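First up is the structure itself, then whatever we jot down about it.
Computed from the coordinates by the stated procedures, all read-outs in this text should not be read as laboratory data. Owing to the predicted nature of the structure, the values given are computational and were not obtained by experimental measurement. For neighbour counting, all protein chains shown are included, and Cβ atoms are generated from backbone atoms with ideal geometry for every residue, glycine included.
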Amino acid sequence: MEAIKKYQPGSDIYSAALYTLGKAVLLQAEQEVTAKLATAAPLSRVCINLLTLPGFANVLWARLVARSGGWIIGKYVEKQPGQDNKEFQKLNGILNEDETQLDRQTRITGLIQLYFAICIAKTAAPLPMEFRPQRIWNFFARILGDKRLTKQTMSLAVRVIYIPATLNLIL
C-alpha cells in the first residue's frame with residue numbers, strides 16, 4: 001500500500017497499480033475464500049484498508065462486476081444480437097471455454113463471499129456506497145426478483161443465500 005501511495009492518483013502507473021492490486025485480491029478470493037469461508041474475514045479487512053486509497057473502490061467494484069458476470073449486482077446477462085461468443089462469455093463472467101459450470105459457480109461464490117464480508121464488516125468510517133450493508137439487500141431483491149437468475153444457477157443462488165449467516169459467525 002505504501003508503494004502505491006508514492007504515485008500520484010490518476011497517473012497511469014497509479015491506475016495500473018490499483019488494477020493489479022484489485023485483480024490480485026479477487027484471485028485470492030476465488031482460490032482461498034472458495035476453499036475456506038473463514039478466509040473471507042481477513043481478506044475483507046485487507047480490502048477495507050485498500051479502500052482508503054483514492055480510486056480503489058471504483059477499481060475493485062468494476063473488477064468484481066466483471067469477474068462475476070453480473071452476479072454481484074444481480075444482473076442477468078443476455079447474449080445480444082450479433083455478439084460473438086467470446087465477448088458474451090467475458091460479460092457473463094466465464095473465464096475460458098474450459099471452465100465448467102460448477103467451477104464458475106464455485107469461483108463466483110468466493111467473490112460474493114468476499115463482497116458480503118466487506119459489506120458487513122464493522123468499520124470506523126462508512127465505506128463507499130457499493131460496499132455498504134444495504135447493498136446486500138439490493139442484491140437479494142434483484143436475484144429473487146429475476147427468475148432467470150434463480151433458474152440459471154439455482155445452486156449458486158442457494159450458496160449465496162447461505163453466505164450472510166455464515167459470515168456473521170466468523171466476523
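Relative to the Cα centre, what is the charge dipole magnitude of region 2-170, using +1 at the beta carbon of each Lys and Arg, -1 at the beta carbon of each Asp and Glu, and rounding to the nearest 20 debye? Walk me through the numbers before you get to the answer.
Values: 21 positive and 13 negative charges, 95 e Å.
With only Lys, Arg, Asp and Glu charged at Cβ, the dipole is about 460 debye.
Within a Cβ distance under 15 Å of D84, other residues only, what is the Lys/Arg minus Asp/Glu net charge?
Working: positive: K79, K86, K90; negative: E78, E87, E97.
That works out to 0.
Using a Förster distance of 30 angstrom, determine the FRET efficiency expected from the C-beta separation of M129 and D98, and round it to 0.05. Working shown, then result.
On the way: r = 36 Å, r/R0 = 1.21.
The formula returns an efficiency of 0.25 here.
From the phi angles alone, apply the Karplus equation (6.51, -1.76, 1.60; θ = phi - 60°) to region 124-141 and give each ³J(HN,Hα) in whole Hz, x where the residue is Gly or Pro.
5, 10, x, 7, x, 3, 5, 10, 9, x, 5, 5, 5, 5, 4, 4, 5, 4
Quote the relative contact order of region 2-170 in percent (integer), defining contacts as alpha-carbon pairs under 8 Å separated by 6+ residues.
Working: 169 pairs, mean separation 44.4, N = 169.
Normalised by residue count, the contact order of region 2-170 is 26 percent.
Need one number: convex hull volume per residue for the chain, Cα atoms only, in Å³.
Numbers: hull volume 21.4 nm³, N = 171.
So the per-residue Cα hull volume is 125 Å³.
Per DSSP H run of n ≥ 4, the term is -39500 (n - 2.57); total these for the chain, divide by its residue number, and report the mean residue ellipticity at 222 nm rounded to 500 deg cm²/dmol. Don't jump to the answer; show the numbers that get you there.
On the way: 9 runs with 107 residues, N = 171.
Only helices count here, giving -19500 deg cm²/dmol.
Å³ per residue of the Cα convex hull, for region 1-72?
Convex hull of Cα atoms, per residue: 83 Å³.
Which links in K5/K86; K36/K90; K79/K122 stretch past 29 Å when you go from one Cα to the other?
Values: K5/K86 36 Å; K36/K90 26 Å; K79/K122 39 Å.
Those over the limit are K5/K86; K79/K122.
Could you work out the relative contact order of region 1-98, using alpha carbon pairs under 8 angstrom and six or more residues apart, expressed as a whole percent? Don't skip to the end; give the middle numbers.
On the way: 64 pairs, mean separation 21.5, N = 98.
So the answer I get is 22 percent.
Using the per-residue mean of other Cβ atoms lying within 10 Å as a proxy for protection, in what order, highest first, do the peptides 136-147, 103-114, 69-80 fall? It would help to have the intermediate numbers written out before the result.
Numbers: 136-147: 13.9, 103-114: 22.3, 69-80: 17.4.
Ranked by mean Cβ neighbours within 10 Å, highest first: 103-114, 69-80, 136-147.
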